[in-house]
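*Asks:* This is the structure, below, for whatever I ask next.
The values are calculated or read from the model by the stated rules, or taken from the named source; none is laboratory data. Just so it is clear, the structure is predicted and the values come from calculations on it, not from any experiment. Every residue, glycine as well, gets a Cβ built from its backbone with ideal geometry; the counts of neighbours run over all protein chains shown. All accessible areas refer to the heavy atoms of the entire protein, side chains included, with ligands and DNA or RNA removed. Shrake-Rupley method; radii C 1.70, N 1.55, O 1.52, S 1.80 Å.
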Amino acid sequence: MKQHPLCTDTEHELDVSRLALPAEVLQEWASLQTRRHFLGRAGKVMGWAALAGLVGDRSLQTHASSPKTPAGAPGPDELKLPHFAPKAKRAIYLFMSGGPPQLDMWDYKPNLAAQYDKDIPDSVRGAQQVTGMTAGQARFPVAPSHWDFKRYGQTGTYVSDLLPYTSKLVDDLTIIKSTNTDAINHEPAIMLMNTGNMNAGKPCLGSWLAYGLGSMNDNLPTFLVLQTKLNPKQDNQPVSSRLWGSGFLSSEYAGVSLRSAGDPVLYIGNPDGVDSATRRQMLDAVNQINRETYEEVGDPETNSRIAQYEMAYRMQTSVPELADFSKEPQTTWDLYGEEAKEPGTFAYNCLMARRMAERGVRFTQVYKRGWDVHGNVVGTLPQLCGEVDRGCYALVTDLKQRGLLDDTLVIWGGEFGRTVYSQGGLSRENYGRDHHPRCFTTWMTGGGVRPGISYGETDDYSYNIVKDPVPVRDFNATILHCLGIDHNKLTYKFQGLDQKLTGTTPANVVTGLLA
């Protein structure tokens, strides 16, 4: 029997570098190699040899790399980022989970009033996919917006009466009416918007920024997440931590979610009977155990754990100070409203986002759920807009007054839009709107984007894009560009691919959005 090449020198000193293993595995092995590691892992060589014999001379070419950050992988210092001078140093993402209806808020279509209760033309709808919630409808009747629109600002931009505060910002906003996505249901759509992929397990935008650009404040996490408290009268689609997870990157790059009630972080304070010195002594002991574990096992995630324990210790001071609004002047409450004093409200989270920007938090994401308006749009949408309208205005205005907007990118949007046709019953007083991935409205403002423009156009039914489409991947590539990152160069080797936020589908920076 022919002896397999991997078994030829098992009686001699093993040369791991000669094994037919993927390059990333050899790199990790070499970077961790010590005598103790070598002896501890040598017993695995026969297992590799047996597996190689089963797969033949392909020699483990399909082996998947470790889901943890390899010790030899480049960190922020080695990535040499930013790739070029950034216009923005930080970003704040106001994510409207559920899909805000663009027709009722931003995409003014005055001619639809004459189309009330008429079926949307087949030439417009074509063979496009609809959800299972409306696929069984006998008709697709047009539902014009219940609200009036007016022109605002020097640009004369039309904005719905639902947004009396945000409408004051139009000369500062970059309104994108032609955003579009590949997904028609919530979970894949929200995953695509946040991670660039419809499947779980990939790093989100904030994690890529934390990995690529690093921290600007050693006492706070690089990436923080705020969730607005739920309104029981709204259809609140669930959001999960995988939306701010680090995927195959080290867990130290994942978002840290602050609670909307009680202490922002559980157990942030010392328990009764434990003072700061005792806590420091305990942490030093735990870190020593972790360092010994790393020396023995060589798992790079152990180093991440040490860093996270140290960050948690520093957060015992920094987070209470961050959440202490007692020194905010009356002008703050005049701007944000009294609602901003209540933890968990959208206005409170916007004020927190401004305070985070002041303190150098690289990426802040604020989630507001409830936008899944399949029915009762007339009853629900005023509540939703009322919750976010003043907070959005106050945040942008506050950043601008403090000189922070110039190098802070603020992003607003959801995972898709809503249909022009009514889901369920239609009347002059009320209607519903189903999911619509073909076009929806988002906006940006601040560092790197051109203020006072409306980019892209939709047809007379706000159903198809007729000019300057902005796919989600281009949207994300443009965000990275504003922060000085070439989306094609910020990559991480995993599962045989140079993984990136924008995925394998070609993506382009939307230059028409840039300042």
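*Asks:* State to the nearest 20 debye the size of the charge dipole of the stretch 256-314 about its Cα centre, where the only charges are +1 on K and R beta carbons and -1 on D and E beta carbons.
*Replies:* So the dipole magnitude of the stretch 256-314 works out to roughly 280 debye.
*Asks:* Starting from the 7 Å offset along Cα-to-Cβ, what nm value, one decimal, do you get for the label separation of LEU266 and SER241?
*Replies:* 0.9
*Asks:* Please label the shape of the stretch 156-217 as rounded, prolate or oblate, based on the square roots a ≥ b ≥ c of the eigenvalues of the alpha-carbon gyration tensor (a/c under 1.5 means rounded; beyond that, a/b larger than b/c means prolate, else oblate).
*Replies:* Oblate shape, in that a/c is at least 1.5 and b/c is the bigger or equal ratio.
*Asks:* Report the residues of the stretch 195-223 in range of a label on ASN303: point 7 Å along Cα→C-beta, backbone N strictly under 16 Å from it.
*Replies:* Correct set: 211-212, 214-215.
*Asks:* With each pseudo-label sitting 7 Å past Cα toward Cβ, what's the ASN287-VAL466 distance in nm, one decimal?
*Replies:* 6.2
*Asks:* Right, another one. In degrees between 0 and 90, to the nearest 10, how far off the longest principal axis of the chain does helix 377-401 point, with axes built from Cα atoms?
*Replies:* 70
*Asks:* Rounded to whole Å, give me the distance from the Cα center of the stretch 347-423 to that of the stretch 172-200.
*Replies:* A separation of 16 Å, based on Cα centres.
*Asks:* Now for a separate question. What Kirkwood radius, in Å to one decimal, follows from the Cα pairs of the chain?
*Replies:* 25.1
*Asks:* Using the structure shown, select from LYS109/LYS467; LYS89/LYS341; LYS80/LYS500 the pairs with a Cα to Cα distance greater than 22 angstrom.
*Replies:* Pairs exceeding the cut-off: LYS89/LYS341.
*Asks:* Using alpha carbon centroids, what distance separates the stretch 452-472 and the stretch 103-153, in Å?
*Replies:* 15
*Asks:* Another one. Using a/c under 1.5 as the rounded threshold, could you call the stretch 101-235 rounded, prolate or oblate? The axes a ≥ b ≥ c are square roots of the C-alpha gyration tensor eigenvalues, and prolate needs a/b larger than b/c, oblate otherwise.
*Replies:* Note, shape of the stretch 101-235 comes out oblate.
*Asks:* Provide the packing ranking of 263-276, 91-104, 327-340, 454-467, i.e. peptides ordered by the mean count of other C-beta atoms within 10 Å per residue, highest first.
*Replies:* For the peptides 263-276, 91-104, 327-340, 454-467, the packing ranking is 91-104, 454-467, 327-340, 263-276.
*Asks:* Whose amide H sits under 5 Å from the amide H of VAL449, counting only residues 5 or more places off or on another chain, with H placed in the peptide plane?
*Replies:* HN-HN under 5 Å from VAL449: ALA515.
*Asks:* Got a number for carbon plus sulfur as a percent of the chain's accessible area, 1.4 Å probe?
*Replies:* That fraction is 50 percent.
*Asks:* State the extension gain, in nm to one decimal, for the chain segment bounded by THR155 and ASP117, taking 0.36 nm per residue of separation less the distance between their alpha-carbons.
*Replies:* Numbers: separation 38, 0.36 × 38 = 13.68 nm, distance 3.26 nm.
Gain in length upon complete extension: 10.4 nm.
*Asks:* Shape verdict for the stretch 197-263, please, from the Cα gyration tensor: rounded (a/c under 1.5), prolate (a/b greater than b/c) or oblate.
*Replies:* In terms of gyration-tensor shape, oblate.
*Asks:* Antiparallel versus total DSSP beta bridges in the chain: what percent is that, nearest 5? Intermediate values should be presented prior to the final figure.
*Replies:* Details: 23 of 49 bridges.
If we restrict to bridges inside the chain, about 45 percent are antiparallel.
*Asks:* Describe numerically, in nm with one decimal, the distance between label points set 7 Å from Cα along Cα→Cβ at GLU342 and at ASP182.
*Replies:* Distance between label points: 4.1 nm.
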